[in-house]
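Data block below; observations after.
The values are calculated or read from the model by the stated rules, or taken from the named source; none is laboratory data. Note that the coordinates shown come from a computational prediction; the quantities given were computed from them, not determined experimentally. Cβ placement follows ideal geometry from the backbone for every residue including glycine, while neighbour counts extend to all protein chains displayed. When the accessible area is computed, the model is the full protein with side chains, heavy atoms only, and any ligands, DNA or RNA have been set aside. Shrake-Rupley method; radii C 1.70, N 1.55, O 1.52, S 1.80 Å.
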Amino acid sequence: MVSESFPEDSPSCATEHPVDLEHVRQAQRGLLSVEKAQRMAEFFALLGDANRLRIVSALAQQELCVCDLAAVVRMSESAVSHQLRSLRSLRLVSYRKQGRNVFYYLKDSHVLNLYREVAEHLG
């Protein structure tokens, strides 16, 4: 059996003590359901791809057709279309057709705000 030793400044409890049931209840009230946590994990995993983030970055600037978007991010139109399908599946982007062109844009202000908040946080 391996005995773990924690430094004195460790954030974990150094000695056993009774659980504070009121704190536990309060934390449980705001806890994500398993289903919502799974959906959020899928959402963040989707944004865990650098190419998709670059596409979101371009669409945060303006609506773009697939051919222009491909030129902006320096990817093939086929690769961009593939990434856009993934982004559409979680309702991050939407599109409109104009003649033979398909223009993509961020679905709503929530997506744009999330992108801007993370960019600002990392900046």
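Name the residues in segment 90-103 that are without any contact (Cβ under 8 Å) to a residue 12 or more places away in the chain and in contact with a helix residue (DSSP H, G or I) (Cβ under 9 Å, 6 or more places away or on another chain), would you?
Tyr95
Just for segment 30-78: of the residues that are part of a helix (DSSP H, G or I) and among the polar types (S, T, N, Q), which one is surrounded by the most Cβ atoms within 10 Å (Cβ to Cβ)?
So the residue we want is Asn51.
Among the numbered criteria (1) open to solvent by 80 Å² or more (accessible area, probe 1.4 Å); (2) at pLDDT 90 or above, which one does Met1 miss?
Looking at each condition in turn, Met1 falls short on (2).
Residue check: is Leu87 in contact with a Leu (Cβ under 9 Å, 6 or more places away or on another chain), assigned to a helix (DSSP H, G or I) and touching a residue at least 12 places away in the same chain (Cβ under 8 Å)?
Here the answer is yes, as Leu87 does meet what is asked.
Quick check on Ser94: is it part of a strand (DSSP E or B), open to solvent by less than 100 Å² (accessible area, probe 1.4 Å) and at pLDDT 95 or above?
Taking the combined requirement at face value, the residue satisfies it.
Just checking, does segment 80-91 include any residue being over 18 Å from the mean Cα position of the chain (by Cα), charged (D, E, K, R) and open to solvent by 70 Å² or more (accessible area, probe 1.4 Å)?
no
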